[in-house]
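Remarks on the structure that follows.
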Amino acid sequence: MKAVTSKDIIGLAEKLNSDSKVDFENFDPGKKILEQGLDSLDLSRLLFEIEEKFQITFPDDEFSVAEWDTINKIVEKVNALRQTS
């Protein structure tokens with residue numbers, strides 16, 4: 001199984017927010033998502049899309065903005081969950 005990359009997740013975010021003015025070309029996977037133009041609703045939608053696309057379920061007890069605040073953290077969690085499923 002191919003590992004999920006930051007490019008994969010940024011691509012999903014761009015698809016979900018195609019009408020926004022967020023600069024996805026220069027989106028920094030190590031910088032906080034909410035500081036790059038997306039809001040908490042965008043982040044929630046992105047996480048639900050990731051669950052559906054990669055057929056994983058994020059544990060409810062890990063759902064906090066601090067745990068999911070960068071694309072790099074999301075990639076790390078997605079790949080870890082995919083290895084255990």
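The values are calculated or read from the model by the stated rules, or taken from the named source; none is laboratory data. Owing to the predicted nature of the structure, the values given are computational and were not obtained by experimental measurement. Note that we place each Cβ from the backbone using ideal geometry, even for glycine, and neighbour counts take in every protein chain shown.
Could you tell me whether any residue of segment 43-56 is in contact with a Ser or Thr (Cβ under 7 Å, 6 or more places away or on another chain) and closer than 13 Å to V78 by Cα?
yes
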Practice item. Look at E62 and say whether it is under 19 Å from V4 (Cα atoms) and either out of contact with any helix residue (DSSP H, G or I) (no Cβ under 7 Å at 6 or more places or on another chain) or modelled with pLDDT of 95 or more (or both). Key: no
**Study point:** Wholly enclosed helices (runs of 4 or more DSSP H) of the chain bearing at least 1 residues among the hydroxyl-bearing types (S, T, Y), without any contact (Cβ under 8 Å) to a residue 24 or more places away in the chain and surrounded by fewer than 17 Cβ atoms within 10 Å (Cβ to Cβ)
**Key:** 40-54, 71-84
